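For reference, the structure discussed in these notes is given below.
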Amino acid sequence: MHRRHLLNLMLASAALAFPFSVSATQIRNARLWRSDDKLRLVFDLSGPVSYKTFTLSAPDRLIIDLSGASLSGDFSQLALGETVIRSIRSGHFGKGDTRIVLDLNRPVQLNTFLLAPQDGQGHRLVLDLLSDSKVATPIVPRETPGKTNHPKRDIIVVVDPGHGGKDPGAVGAKGEREKDVVLSISQLLARRLKREKGFDVKLVRNDDFFVPLRKRVDIARQHKADMFISVHADAAPRLTASGASVYCLSEGGATSATARFMAQRENGADLLGATSLLNLKDKDPMLAGVILDMSMNATIAASLQLGSTVLGSLAGITTLHQKRVEQAGFAVLKSPDVPSILVETGFISNARDSQRLVTARHQQAVADGLFEGLQRYFQKNPPADSYIAWQQEQQQARV
Ligand SMILES: [Zn+2]
């Protein structure tokens, strides 16, 4: 089978496995039973749902997040009485998701499961709350991000000042050099990122020296970057061309990058090392290719989103040469697993652009714009184990 067909097949079956997000499921009713050793809470649903639960302490709470679900029932009639549940609250969060918060009198062990329609009953989500002391074999909650064991790692941004050393990049009419301008902007961006809690930053070069393009990609992957941003300034024969642009990898570029990684793998190169997310060494070649393709596609999708957020931030600071993210086969953007963008901060070949680009003030403004774009992107898409994700969970838990 052709690799592309297999990929499509895999994507199709992945879509079938998660049909719940298509139409909103309604949470119609809640019912309660109690026995000596447990309290059973049942939510009646209009259809299947995907959900996750986690607990928070001090005060004790149990959070149930139902994605693509809305509330049509009323929980206020529930006789909570002397149960472990003090009160039930609910609210919307995210895109059409519902969060239900149970305020608890004490910690509980939790067992949850979904029931399909049967014996005149519809879809149900069942939660068994077991008093801590009565549990013989502890049931591990599905997730406990509110606890101190939530990892709070920094988001790693690799900033790549273009060119350097023997390669000056574009040179302006008055001798302005791209390599100097982009180093200054990159250093200012790095300084801003370092000041922000939850971010860590690495510079590909912090001085005026040459770094080969492939090496820049390798540096990003070695640092396990969450994103890679290459900073440049354009040049064009048409001297009136001006403004900033943002690029990410094109599909053609991705195809050739996949081919290159595959070739290197065949040659025994350990580019996709054991520490990588993409551990393909033990996979058969066709499967490895499919995984690499899927990763490339996902990475390009993330890069496009990142790029358009950054472009939006730059719009307030400088004119834009291109109003949307462009795609090209730039070699520095070819990491299969690191969302990567290349920003042309303006045209060195344009008199007005280059005059501004050499000033400390404009360099700072551009660096601030880039920072704001990155920050907005990661606020929207925080890696699950990051400090930013933890911080957001803390805020959402205060429903
Ligand atoms: Zn350049």
- Give me the number: length gained by fully extending E326 to Q395, i.e. 0.36 nm times residue separation minus the C-alpha to C-alpha distance, one decimal in nm. 21.3 nm
- Query: Taking 0.36 nm per intervening residue step and subtracting the Cα-Cα distance, what contour gain separates Q222 from R238 on full extension?
  - Reply: 1.9 nm
- Note on the structure: Q355 and T319 label points (each 7 Å along its Cα→Cβ direction) are spaced in nm at 1.3 nm
- Query: What are the residues whose amide H is under 5 Å from the amide H of H321, where those residues sit 5 or more places off or on another chain and H is modelled from the backbone?
  - Reply: A244, S245
- May I ask for the distance between the Cα centers of segment 107-130 and segment 357-372, given as a whole number of Å? 54 Å
- Roughly how many Å is it from the Cα centre of segment 168-219 to that of segment 69-87, as a whole number? 56 Å
- Query: Which FRET efficiency value, to the nearest 0.05, do you get for D167 and D368 by plugging their Cβ-Cβ distance into 1/(1 + (r/R0)^6) with R0 = 25 Å?
  - Reply: 0.40
- Where labels lie 7 Å past Cα in the beta-carbon direction, separation of R191 and F113 in nm: 6.0 nm
- Message: Using the Karplus curve 6.51 cos²θ - 1.76 cosθ + 1.60 with θ = phi - 60°, what ³J(HN,Hα) values do you get for each residue of segment 210-220, in whole Hz, with x for Gly and Pro?
- Response: 8, 10, x, 4, 4, 4, 5, 4, 4, 4, 4
- Looking at segment 155-382, what % of its DSSP beta bridges pair antiparallel, to the nearest 5? 20 percent
- How many nm separate the modelled label positions at D74 and D44, each set 7 Å beyond the Cα in the direction of the Cβ? 1.5 nm
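Taken together, the values in this text are just the output of simple stated rules run on the coordinates, not laboratory data. Predicted model, so just to flag it, every value in this text is computed and none were measured. Positions of Cβ are backbone-derived with ideal geometry, glycine not excepted, and every protein chain shown enters the neighbour counts.
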